[in-house]
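Each remark here refers to the structure printed beneath this line.
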Protein chains: 2
Amino acid sequence: IKFHNLLTLNVCEKLFPIVSEIIERANYTNEIQVNDVEMYASFCIYGQLGIILNTDISIKEKSSRIKAFFRDLFRL
Amino acid sequence: IKFHNLLTLNVCEKLFPIVSEIIERANYTNEIQVNDVEMYASFCIYGQLGIILNTDISIKEKSSRIKAFFRDLFRL
C-alpha cells in the first residue's frame, strides 16, 4: 500500500503540466477565471488523493462528487 | 525524498478529521456554505501537496498563495 501511494504521487507530478495547460486554455477562452493557475492545478490534482485513497467510497460516487467539487471551484 | 513523501501523505491522513471538523463548524455558523464537507477537506489538505513538494517557491510565498486560494474556494 505504501508503494502504491508513491506511485500515486508520481502520477500527480506527471499530470501537473497537463492540467496546468487545460486550466490556462480555459482561462484564455474565458470559460473560467483563475488568477493563480499553478495553485489551481495543484489543488485539482493532489486534492483528489484523499478521496481516491479512501476505499469506503465507490469509484462511481468518487467521480460524481469530484466533478461537483470542480463545478463549485470554477463556478460553472 | 521518497520517505519524506510517505511522511507527508501520513500527515495529510491525520489532518483529515481535524480539517473536516473546522469546515463543519464554519458551515454551521454560516461563515461558509459547503455541501460536501469530506470533498472540501480532501481538496484543502491534499491539494497543498503539489505546492509544498515544489522546492522552487519560498515558504512565505507558498503560504500567501495557499491562503488566497482558500479565500477564493470558500468565497471569503
Open item on the list: Going by what's in this entry, would B:F43 be described as closer than 23 Å to A:R75 by Cβ, among the aromatic types (F, W, Y) and more than 8 Å from chain A (Cβ to nearest Cβ)?
Closed with: no
Open item on the list: Report every pair of residues separated by at least 6 positions or lying on different chains whose Cβ atoms are under 9 Å apart, first residue within region B:52-74 and within 23 Å of B:D36 (Cα to Cα), second assigned to a loop (DSSP other than H, G, I, E, B) and of a type in the set (D, E, K, R).
Closed with: B:A68/A:D36; B:F69/A:D36; B:D72/A:D36; B:F74/B:E31
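Residues being under 20 Å from B:L15 (Cα atoms) and either in contact with a His (Cβ under 8 Å, 6 or more places away or on another chain) or not hydroxyl-bearing (S, T, Y) (or both): count how many of those fall in region A:43-61. If you could, list the steps in order and put the result at the bottom.
So in region A:43-61, the residues under 20 Å from B:L15 (Cα atoms) come out as A:43-57.
This time we only want the ones that are either in contact with a His (Cβ under 8 Å, 6 or more places away or on another chain) or not hydroxyl-bearing (S, T, Y) (or both), so: A:43-45, A:47-54, A:56-57.
Looking only at that region, the number is 13.
Taking the condition among the charged types (D, E, K, R), within 11 Å of another protein chain (Cβ to nearest Cβ) and in a loop (DSSP other than H, G, I, E, B), does B:R75 pass? Lay out the reasoning, then the answer.
Numbers: among the charged types (D, E, K, R): yes; within 11 Å of another protein chain (Cβ to nearest Cβ): yes; in a loop (DSSP other than H, G, I, E, B): yes.
Here the answer is yes, as B:R75 does meet what is asked.
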TODO: Hey, could you check region A:18-27 for residues that are free of Cβ contacts under 8 Å to residues at least 24 places away in the same chain and under 12 Å from the mean Cα position of the chain (by Cα) and say which is surrounded by the fewest Cβ atoms within 10 Å (Cβ to Cβ)?
DONE: A:I18
Open item on the list: Residue under question is A:L7, and the condition is that it be assigned to a helix (DSSP H, G or I), hydrophobic (A, V, I, L, M, F, W, C) and surrounded by 11 or more Cβ atoms within 10 Å (Cβ to Cβ); does it hold?
Closed with: no
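Each reported figure results from applying straightforward, stated rules to the coordinates on display, with no laboratory input. A quick note: this is a predicted structure, and the numbers were derived from the prediction, not measured. We place every Cβ from the backbone using ideal geometry, glycine too, and count neighbours over all the protein chains shown.
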